[in-house]
């Protein structure tokens, strides 16, 4: 008997490990940029620096939750878990996983007097993640409806 494995749960953990791995060099670049200056990046770009730290914590926690849920779904012990909840968790993970390095890179690249550009970029990313997750949810929901219709026609 051939057994098929689903490795998507492990991919969440691998993504988080990659996220933490690239986070540290970006922090080092920020230290170099602000090395001989009076203010730290937390003082000049406090919102985006704090956003990055909070986003890293949320992405890491959500990754662990998704890993746990994926494992439980594979073992069929959580059959009542809603697809909507799962897609919301994936959306939160996607958004904060992207925002973590992007907010640091925005502090590195964009001058402080152009903060509005940073806000626009963050809002656009939120919109892109929301739309893409909605489209995936809609596609999965349509596939589920097609499967139910075929099963109903067979009966």
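A few comments on the model shown:
- Among the conditions (1) modelled with pLDDT under 85; (2) farther than 23 Å from residue 10 by Cβ; (3) exposed (fewer than 13 other Cβ atoms within 10 Å of the Cβ); (4) more than 20 Å from the chain's Cα centre (by Cα), residue 75 misses just one, which is (2).
- Check on residue 88, farther than 27 Å from residue 28 by Cβ, surrounded by 12 or more Cβ atoms within 10 Å (Cβ to Cβ) and modelled with pLDDT of 75 or more: yes
- Taking the criterion of being modelled with pLDDT under 90 and under 26 Å from residue 141 (Cβ atoms), the residues of the range 97-124 that qualify are 97, 98.
- Among the conditions (1) modelled with pLDDT of 80 or more; (2) under 26 Å from residue 134 (Cβ atoms); (3) touching a helix residue (DSSP H, G or I) at 6+ places or on another chain (Cβ under 8 Å), the only one that residue 18 does not satisfy is (3).
- With respect to (1) more than 21 Å from residue 23 (Cβ to Cβ); (2) in contact (Cβ under 8 Å) with a residue 60 or more places away in the chain, the lone exception for residue 127 is condition (2).
- A Cβ distance below 9 Å, combined with a sequence gap of six or more or placement on separate chains, defines the contacts here; from the range 49-65, residues that are farther than 16 Å from residue 17 by Cα reach residues that are at pLDDT below 90 and not in a helix (DSSP H, G or I) in the pairs 49/40.
The values are calculated or read from the model by the stated rules, or taken from the named source; none is laboratory data. Remember, predicted model here, so these are calculated numbers, not experimental data. Note: ideal-geometry Cβ built from the backbone for every residue, glycine included; neighbour counts use all protein chains shown.
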